[in-house]
Amino acid sequence: MLITMQPDSSAGDHESVRMSLRMRGLECHSISSSGTAAIAVTAGKVTPELAAELGLLNGVAHVRSTARPYLLAQRAARPEGTIVNVSGVRIGGDEPVIMAGPCVVESLEATIAAAQAVRRAGATMLRGGAFKPRTSPYSFQGLGEEGLRILAVARDLTGLPVVTEVMEPEQVDVVAAYADMLQIGARNMANFPLLRRAAASGKPILLKRGFSATIEEWLMSAEYILAGGNDRVVLCERGIRAFDNSTRFTLDLNAVPLVRDLSHLPVIVDPSHGTGRRDLVERMSMAGIAAGAHGLILEVHPDPDSALCDSAQTITPATLASIVSRTHLLTAALNPLAEPMIPLAAD
């Protein structure tokens, strides 16, 4: 059962509904901080009479049965959609958000140069890996907490909120101390202890789809975070594994409009990992926005060929600037009534 509350319902109204459910021996979970509140009954016997009684409580808008296993992540929980605020950057509205930066933090000087370049190009958030999962144990794994400190310096200099990956439950507290948004990578999408710990941090979460995961599995991973009381979740389509090896992965743009229909959570696209080829990144960025993505996350480096990680899919700041400009034009064409985007001023 899913109970959606009225937009003007109070915290007291929400607690009255939860108390009514608990008094009947039912378990429930709720979301409320990033939009209209919703309460899901997750265990116990639900009767038609109960639904009728709940519908009479103050603040209740709708009571409905649902067959979807992702109770809180489904579109019906918040039909108007969710907007996730990351240190002033709103993800999920009419204007796409561009997250950009190097795959991995290499040094203080290199990261500051990259951050300033992506800011000048018009990006709205800075990405960069301090902890990096790599296929080979001999590849560069990132600078760890020193990398986090470098990202914080870059944020202070540019004003760009930072999104960075956390790989283990034990890392959550230290990453959350520096980052504005925690990224759960594709390899960890089904790491449920990590999802629970990340949810408890209260930080916004960027949840990447596993490269062999179905849409339902992806949304069920989001459900773990929502059930943990954190509704500040952004989904990221980053490509799935297919039979053709012409590209690193296959960017599944079917997922974008489908997830927007199935869920209220914002969804962005990662054309860097989705293609593995810098010559395809700009075109697939436009395709992602046209498909309805709320934003992009891009790997950018002042000198891509010298990047320590994923150089083949890393674009230049000039290409990023082109993507930002074309994204503005495409968004205006797709949403003619939306407010125009205002790029950040150059340094």
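Worth a mention:
- Helices (runs of 4 or more DSSP H) wholly inside the range 141-240 containing at least 1 residues that are of a type outside the set (A, V, I, L, M, F, W, C) and under 23 Å from G35 (Cα atoms): 192-201, 215-227
- Some residue of the range 220-237 being over 14 Å from the mean Cα position of the chain (by Cα), surrounded by fewer than 24 Cβ atoms within 10 Å (Cβ to Cβ) and free of Cβ contacts under 8 Å to residues at least 24 places away in the same chain: no
- Those residues of the range 111-144 which are over 19 Å from the mean Cα position of the chain (by Cα), without any contact (Cβ under 8 Å) to a residue 40 or more places away in the chain and either within 23 Å of C236 (Cα to Cα) or surrounded by 21 or more Cβ atoms within 10 Å (Cβ to Cβ) (or both), in sequence order: T135, Q141, G142, L143
- Only a single item in (1) touching a residue at least 12 places away in the same chain (Cβ under 8 Å); (2) in the same structural domain as S10 (by TED's automatic domain parsing) is not met by A52, and it is number (1).
- Members of the range 290-322 found to be under 19 Å from R238 (Cβ atoms), among the aliphatic types (A, V, I, L, M) and touching a strand residue (DSSP E or B) at 6+ places or on another chain (Cβ under 7 Å), listed by number: A293, L296, I297, L298, V300, I315, L320
- Qualifying residue in the range 72-89 (condition: at positive phi, crowded, with 24+ Cβ neighbours inside 10 Å and in the same structural domain as A179 (by TED's automatic domain parsing)): no
- When the range 78-126 is limited to residues that are within 23 Å of S30 (Cα to Cα) and among the charged types (D, E, K, R), the one that is modelled with the highest pLDDT turns out to be R90.
- Residue in the range 40-89 that is nearest to E223 (Cα to Cα), counting only those that are touching a helix residue (DSSP H, G or I) at 6+ places or on another chain (Cβ under 8 Å) and among the hydroxyl-bearing types (S, T, Y): Y70
- Scope the range 288-322; condition under 15 Å from H273 (Cβ atoms) and either touching a Lys or Arg at 6+ places or on another chain (Cβ under 7 Å) or surrounded by fewer than 18 Cβ atoms within 10 Å (Cβ to Cβ) (or both); matching residues: I297, P304, C309, S311, A312, Q313, T314, I315
- Number of residues in the range 173-187 that are crowded, with 22+ Cβ neighbours inside 10 Å and over 13 Å from the mean Cα position of the chain (by Cα): the value is 2.
- Residue match in the range 253-267 (condition: under 20 Å from the mean Cα position of the chain (by Cα) and closer than 28 Å to G142 by Cα): yes
The values are calculated or read from the model by the stated rules, or taken from the named source; none is laboratory data. Worth saying up front: this structure is predicted, and the values here are computed from it rather than measured. Glycine gets a Cβ as well: all are built from the backbone with ideal geometry, and neighbour counts include every protein chain shown.
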